[in-house]
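I have placed the structure first, in the form of structure tokens, so that the comments after it can refer back to it.
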Amino acid sequence: MELLKKLTDAFGVSGSECDIAELIKGELEGLGEISVSPLGNVSLHIPGNGKKILFAAHMDEIGVMARFIDDNGFVYISAVGGLSAHTALNSRIRFENGVCGVLSAGEKKEIKDLKITDMFVDIGAKNKAEAESMISLGMCGKFESNFEISGNTIISRVLDNRAGCFALIKAAKELEKCDADIYFVFTSQEEIGLRGAATAAYDICPDYAIAVDITDTGDTPDCEKMAVKLGDGPCIKIMDKGIVTNHLVRDIIETAAKEENIPYQLEILTAGSTDASMLQFSCGGIKTGAISIPLRYIHTSSEMGNLVDLQNTVKLICAICKKLCNFEKTIDNCRKI
Amino acid sequence: MLKELTSLSGISSYENDVLDYIYSTVKDHCDRIEHDSTDNLYCFKKGRKTGKTVMFTAHTDEVGFLVSGITDEGYLKFSSIGIDSRILLGLRVFVGKNRTPGVIGIKAVHLTTADERKKAVEEKNMYIDIGASSKEEAEKLTEKGDFIVFDSDYTEFGDGKVKAKALDDRVGCATLIKLIKEANFEYDTWCVFTVQEEVGLRGGRIAAKRILPDLFIALEATTCSYIPDMEKGKNVTNLGGGVALSYMDGGFMADRKLVGALIERAKERNILCQLKSYASGGNEVRAAQTVGRGVIAAALSVPCRYLHSPLTVMDKKDYEAMYLLAKEVAENLSALEVL
């Protein structure tokens, strides 16, 4: 779990992904051809002569950006990605250069009236000049919290989507030699509009694309009804706000899971979308699907995941690649579209 | 030049007057000129070096209205694009190619109740009076779908301030024209005058896909709300504070290295420059940075008060600063070390 801890500790607010990108590049060393795109996507290519498949996991995370420092040295912020004010309140914020502060909203506002743009980070500066010597405008900050694991339960910040990054890295390391032409892409700027993914497939034009991201669950008190449970296995996405999964891709994933006895769930998400939404529009259209890792308390500093789900996600990615190796034979097992 | 550009009519997709003016101004200064089916105007400048392609854009369209209907009494109903309807009452406008003058009205104060006067009038309850006394008479002057622009003169006032309509984005157009005429481009550069920005970055998206540049810079006007009662930090920019840059706005996350390098360069060359203090609005960077493999991109903006109104106000210092910084990018890009 050392790798997952390192990944969740790394800094990678959307648009400021250098730290996480360097870490991932280091892990991928020696596994294939590594490249970095203008928007910061990190790609690993494991060449083969067979079907071309692209897996994408976004490496960025939600955070804040310093936009204004008042005379007393308090740092007002803009949200980077989908923050909700009440879950962000009183969080610790660590800026890219290491300076740490507390995200506050003052004491007089009702929680329902909170807006991110009214909130400020207190970095302990005495005044504007001192604050300006500590951080600069435009600098991003991440939400800080500890990595915990007990039994199979993982509690950490930013399992969205370092869990997906972990799964891709592990799969790349454990992959058996095969014919498939495989790309693992770690995308940038997903949380602010799937921007990295919009460019990820452009010069690859794969036969299939699969996003590896996280999803919500429907197994906690008083939550939205959803047929996904923590610990019941990785999810095969059927539909979300941005995609109806290509049936052939779904069948490839599902048969791969069945053949390797990997538990899985089917996911229908009523809100949110993933890199898959953008990938499907690239290169004149790509057959696209997604694998989702179940998480509770998404977009908070205490996201909860399950270790076995994570291990099974790695197995599932390897199984899909294996299936594509022998694709012409196995396609008969899949529903023809 | 800015005076002439702002006096032209060019609401989204009715931009030919602006495009024609720009074409005639730059045609003898370009190595090649191209058009596309949306009327984007592509001006190519050969660089001292090859190997990289740079792209600048300025959009030619402005906010305005379309005639959506004519009443039996000869009044025009209208639809606006990107305008706060609270500013409209009592304004003078020009309708169509013939520039038929009109005024935006509602019933007179004498006929309103105290309650009505407390509420903002909705656009659907306003009309444009073009002096016609019947539908037939109005139809001789205009028709459904005709464009309507603000009637607003270019005026200089205060210390270097300018008031005009459509500074968004004729100030960008003026900057780009000047760049085409005067800059000694380092790399092969496409200076593109883009259409239909105000209705969804349409021209810019198409142009960026066509060029697939290595570096993209949008020359834009941005909001400036340094006005009474505005909470500090939410004013976005300051008038006279110089060319505005931003790491993030309502639509994009600019390339951080590029923005940082631009700020450094501005400091070195004593070009007035400011960072936007609030993430709002959006521009063509949003559309351009996700074409192809992705594009390193940022926007240079001139702060304008009362954006999207007939009375946009800017400071000539900021315009000058935008030009100087854009020229730095055009002439000495490699020194920024961002490609």
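The values are calculated or read from the model by the stated rules, or taken from the named source; none is laboratory data. Just so it is clear, the model here is predicted, and its values are computed rather than measured. So basically every Cβ, Gly included, is an ideal-geometry build from the backbone, and we count neighbours across all protein chains shown.
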Checklist entry - Pick from A:Leu31, A:Leu44, A:Leu23: which is in contact with a strand residue (DSSP E or B) (Cβ under 8 Å, 6 or more places away or on another chain), under 21 Å from A:Met1 (Cβ atoms) and of a type in the set (A, V, I, L, M, F, W, C)? => result A:Leu31
Checklist entry - Given the conditions (1) more than 21 Å from B:Asn184 (Cα to Cα); (2) of a type in the set (Val, Ile, Thr); (3) within 14 Å of another protein chain (Cβ to nearest Cβ), which single one is not true for B:Val338? => result (1)
Checklist outcome for this item: Scanning region A:10-53 for residues that are assigned to a helix (DSSP H, G or I), surrounded by fewer than 19 Cβ atoms within 10 Å (Cβ to Cβ) and either over 16 Å from the mean Cα position of the chain (by Cα) or away from every other protein chain (no Cβ under 14 Å) (or both) gives A:Glu22, A:Lys25, A:Gly26
Checklist entry - at the interface with another protein chain (Cβ under 10 Å from one of its Cβ atoms), under 19 Å from A:Arg162 (Cα atoms) and buried (at least 21 other Cβ atoms within 10 Å of the Cβ), is that true of A:Gly63? => result no
Checklist entry - within 26 Å of B:Gly251 (Cβ to Cβ), surrounded by 21 or more Cβ atoms within 10 Å (Cβ to Cβ) and among the charged types (D, E, K, R): does that describe B:Glu123? => result no
Checklist entry - Does region A:164-179 contain any residue that is within 29 Å of A:Gly82 (Cα to Cα) and not in a helix (DSSP H, G or I)? => result no
Item to check | Unique match (being exposed (fewer than 13 other Cβ atoms within 10 Å of the Cβ) and of a type in the set (Lys, Arg)) among B:Lys135, B:Lys163, B:Lys118 | outcome: B:Lys118
Checklist entry - Does region A:167-183 contain at least one residue that is within 26 Å of B:Ile296 (Cα to Cα) and surrounded by 15 or more Cβ atoms within 10 Å (Cβ to Cβ)? => result yes
Next on the checklist: Against the definition (assigned by TED's automatic domain parsing to the domain that holds B:Val54, in contact with a helix residue (DSSP H, G or I) (Cβ under 6 Å, 6 or more places away or on another chain) and among the small types (Gly, Ala, Ser)), how does B:Ser246 come out, yes or no?
Outcome noted: no
Checklist entry - Which residues, counting only those in region A:202-225, are touching a Cys at 6+ places or on another chain (Cβ under 6 Å) and crowded, with 19+ Cβ neighbours inside 10 Å? => result A:Thr215
Checklist entry - Given region A:221-326, what helices (runs of 4 or more DSSP H) lie entirely inside it while holding 2 or more residues that are over 23 Å from A:Ile192 (Cβ atoms)? => result A:247-259, A:307-325
Checklist outcome for this item: Okay, strands (runs of 3 or more DSSP E) sitting entirely in region B:54-168 with 2 or more residues that are more than 18 Å from the chain's Cα centre (by Cα) and within 30 Å of B:Gly204 (Cα to Cα), I get B:64-70, B:76-81, B:92-95
Checklist entry - Given the conditions (1) over 30 Å from A:Gly82 (Cβ atoms); (2) among the small types (Gly, Ala, Ser); (3) at pLDDT below 90, and given that B:Ala183 satisfies all but one, which numbered condition is not satisfied? => result (3)
Checklist entry - Just a yes or no: is a residue in region A:174-185 among the β-branched types (Val, Ile, Thr) and more than 13 Å from the chain's Cα centre (by Cα)? => result yes
Checklist entry - Hey, any hits in region A:94-110 for a residue that's of a type in the set (A, V, I, L, M, F, W, C), out of contact with any Lys or Arg (no Cβ under 9 Å at 6 or more places or on another chain) and modelled with pLDDT of 95 or more? => result yes
Checklist entry - From the set of residues in region A:189-220 that are closer than 19 Å to A:Gly63 by Cβ and not in a loop (DSSP other than H, G, I, E, B), which is farthest from the other protein chains (Cβ to nearest Cβ)? => result A:Ile214
Checklist entry - So, of the residues in region B:284-334 that are among the β-branched types (Val, Ile, Thr) and touching a helix residue (DSSP H, G or I) at 6+ places or on another chain (Cβ under 6 Å), which turns out to be surrounded by the fewest Cβ atoms within 10 Å (Cβ to Cβ)? => result B:Ile296
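Quick grid of which residues meet (1) farther than 17 Å from B:Ala266 by Cα; (2) in contact with a Leu (Cβ under 8 Å, 6 or more places away or on another chain); (3) touching a residue at least 40 places away in the same chain (Cβ under 8 Å):
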| site | (1), (2), (3) |
| --- | --- |
| B:Val285 | yes, no, yes |
| B:Val295 | yes, yes, yes |
| B:Leu311 | yes, no, yes |
| B:Asp318 | no, yes, yes |
| B:Leu325 | no, yes, yes |
Checklist entry - How many residues are under 24 Å from B:Asn332 (Cα atoms) and either assigned to a helix (DSSP H, G or I) or not aliphatic (A, V, I, L, M) (or both) if we restrict to region B:182-203? => result 10
Item to check | Search result, residues across region B:234-281 that are more than 10 Å from chain A (Cβ to nearest Cβ), among the basic types (Lys, Arg) and part of a helix (DSSP H, G or I) | outcome: B:Arg265, B:Lys267
